[in-house]
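Beneath this line is the structure, given in structure tokens, with notes to follow.
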Amino acid sequence: MSTENTAKEKTFFGHPRGLATLFNTEFWERFSYYGMRAILIYYMYDTVANGGLGFSQATATAIMSIYGSLVFMSGVIGGWFADRVLGPRQTIFYGGVLIMVGHVVLALPNGGATALFISMIFIILGTGLLKPNVSNVVGDLYPPEDNRRDAGFSIFYMGINLGAFIAPFIVSAVSDKAGSFHAGFSVAAVGMAVALIVYVLTGKSYLKEAGKKIPNPLQKSEAKSLTFKILGIILAIGLLIAILTMITGSLTINTIILAVTVMGVGVPLAYFIMMMTSKKTEPDEKSRLTAYIPLFLIAVLFWMIEEQGSSTLAIFAAERTDLSIGSYTLNPANFQSLNPVFVIILSPIFAWIWTRLGDRQPSTPRKFALGLFFAGLSFVIMMLPGILHGNTTTLVSPLWLVLSFFICIFGEMFISPVGLSATTKLAPKAFASQTMSLWFLSDAMGQAFNAQATQFFSADTEVAYFGITGFVAIAFAVGLFILAPFLKKYMKGVH
């Protein structure tokens, strides 16, 4: 690329104009998702008289967990459609349409639980189609030799977190002022509509050919085989639900929650078995994959804690926290902005630290151990309000939640970006893309476990719940830290 052409192209912070389109798309998609999620749990367990659904808190936290788990699992579907059927660009558009429809359904008054579950289906499928493919198109904006690529992804990543940061404030404020959860959900729908409009209006001229190509088009000869595979998957899910219904005695929400938990464990397990037994996986790659398994499981434990920011910690914010700051009263949904704001603050600091340390930085297993240690510590700290006050009825300072979120996100800096990097290094060549999908399934698996674990959280069990979860995580972190040198041998030269 010539200097002259590069200069002409610098229309969005020195990057291709298409980055502005994708920045905007992901900003508003995350705005809609995190805005909805900030008030969703309160909508589910608030009383019908207050405009809620009247679910128990245990059921509400479990639904939040399976929702998140299915969102991450659906990324596999989105990747397949982009690679085989539509190409990334079209897949993003249809994903956005499904997400918007889901938010519109949730915004409709008097829809009740039926509308909630219908909206979840649309948003889960839409997010699966959109989210993994936006990142792929960002990469397509740059030629392989373009050294602006990493900086471009940094700008794009900022869009993700900015959308997630401002959404809880705006959505909760609208919901409070209107006195309706549905008014807040309508803001999320508007956000996704803005994303689609800008994507369509600017995509053709800004994105040009990026993301248009279908990498591995589906052939007519494969249609029959594919039909049988899809039917097989549907039958397997139906059989799983039928078996669990027989075991539990009836088909209820809890049966579906249990089915998703089994799927959250079964899908990653199937991936590992497929790659380990494949003839395409070479001996050294099998060794690296063996080393990847404990890292994956540590990530699962980490996401179990981190993802409870929108469930158990959200309940703590609403019912155990003194929300009055002078004459101003916080909305408990505001705490959902802590996660993205700490990511924005800490990401460049950690990038500088790893660059500065160079070869002296900790190995990947020890980074994972440190990340899980801090996540566990963030829950151990949440024991203290109940212990110090001798009860779980006194309203406590919001600084407890701020500190817990900060420590957990501090730990995330050791796991989330490092995990992405480690996955690219340890993945078998024949399964590079599928191993990246597997990495995102660690979050799905963590939330699948949460669907069961969070049902034990309540005011009566608060101290024990935070303590057991936190200390178990710390114990696994210490174990991994000790075993890190042994694990490195299986990584076959990957630091």
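At-a-glance table
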quantity: Label-point separation in nm, Asn391 to Arg360, each point 7 Å along Cα→Cβ; calculated: 5.3
quantity: Residue-span extension gain [Lys489 to Leu403] - 0.36 nm each, minus C-alpha spacing; calculated: 27.3 nm
quantity: FRET efficiency for Asn110 and Asn334, using Cβ-Cβ distance with R0 set to 35 Å, rounded to 0.05; calculated: 0.80
quantity: Where labels lie 7 Å past Cα in the beta-carbon direction, separation of Ile468 and Thr47 in nm; calculated: 3.1
quantity: Accessible-area ranking of Met36, Met158, Met276, largest first, probe 1.4 Å; calculated: Met158, Met276, Met36
quantity: Accessible area in the full protein assembly, largest first, 1.4 Å probe, for Glu209, Glu319, Glu306, Glu26; calculated: Glu209, Glu319, Glu306, Glu26
quantity: Global geometry of segment 425-495, whether rounded, prolate or oblate, following the gyration tensor of its Cα atoms and the 1.5 cut on a/c; calculated: oblate
quantity: Residue-averaged [θ]222 nm for the chain, counting only DSSP H segments that reach four residues, each worth -39500 (n - 2.57); calculated: -26000 deg cm²/dmol
quantity: Whole-number percent relative contact order across the chain, with pairs defined as alpha carbons under 8 Å at least 6 apart; calculated: 23
quantity: Length-normalised contact order of segment 13-212 in % [C-alpha pairs under 8 Å, at least 6 apart]; calculated: 40
quantity: Rounded to the nearest 10 Å², the accessible area of Lys224 at probe 1.4 Å; calculated: 150
quantity: Förster-model FRET efficiency, 45 Å R0, Asp460 and Asp284, C-beta, rounded to 0.05; calculated: 0.30
quantity: The chain, accessible area per residue, ligands and nucleic acids excluded (1.4 Å, Å²); calculated: 45
quantity: Theoretical gain in end-to-end length, Gln434 to Leu420 [0.36 nm per residue, Cα-Cα removed]; calculated: 3.8 nm
quantity: Residues in segment 122-145 reached by a label modelled at Lys213 [backbone nitrogen below 15 Å; 7 Å Cα→Cβ]; calculated: 136-145
quantity: 24 Å Cα-Cα reach of Lys280 towards lysines, excluding residues that sit fewer than 8 places from it in its own chain; calculated: Lys229, Lys425, Lys429, Lys488, Lys489, Lys492
quantity: Shape call, segment 279-494: gyration tensor on alpha carbons, a/c limit 1.5; calculated: prolate
quantity: Under the span-like rule (Cα at least 20 Å along the axis, Kyte-Doolittle mean at least 1.6), DSSP H helices of the chain; calculated: 223-248, 253-277
quantity: Contour minus Cα-Cα distance for Ile118 and Ile253 (0.36 nm per residue); calculated: 47.2 nm
quantity: Listed values (i) 27.1; (ii) 25.5; (iii) 24.3, entry calculated as mean projected area of the Cα convex hull in nm²; calculated: (ii)
quantity: Of all accessible heavy-atom area on the chain, the percent that carbon and sulfur account for (1.4 Å); calculated: 68
quantity: Segment 13-212 - Rg (one decimal) and Dmax (whole number), Cα, Å; calculated: 17.3, 60
quantity: Length-normalised contact order of segment 279-494 in % [C-alpha pairs under 8 Å, at least 6 apart]; calculated: 39
quantity: Translational diffusion of segment 389-464, µm² s⁻¹ [Kirkwood Rh, Cα pairs; Stokes-Einstein; 4 °C; 1.567 mPa s]; calculated: 83
quantity: Ranked order, Phe373, Phe342 - accessible area, probe 1.4 Å, largest first; calculated: Phe373, Phe342
quantity: Estimated FRET transfer efficiency when R0 is 45 angstrom, pair Phe169-Leu226 (beta carbons, to 0.05); calculated: 0.50
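The values are calculated or read from the model by the stated rules, or taken from the named source; none is laboratory data. Predicted model only: the values in this text are computed from it and were never measured. Don't worry about glycine lacking a Cβ; one is built from the backbone with ideal geometry, like all the others, and counts go over all protein chains shown. These area figures cover heavy atoms from the full protein model, side chains too; ligands, DNA and RNA do not enter into them. Shrake-Rupley method; radii C 1.70, N 1.55, O 1.52, S 1.80 Å.
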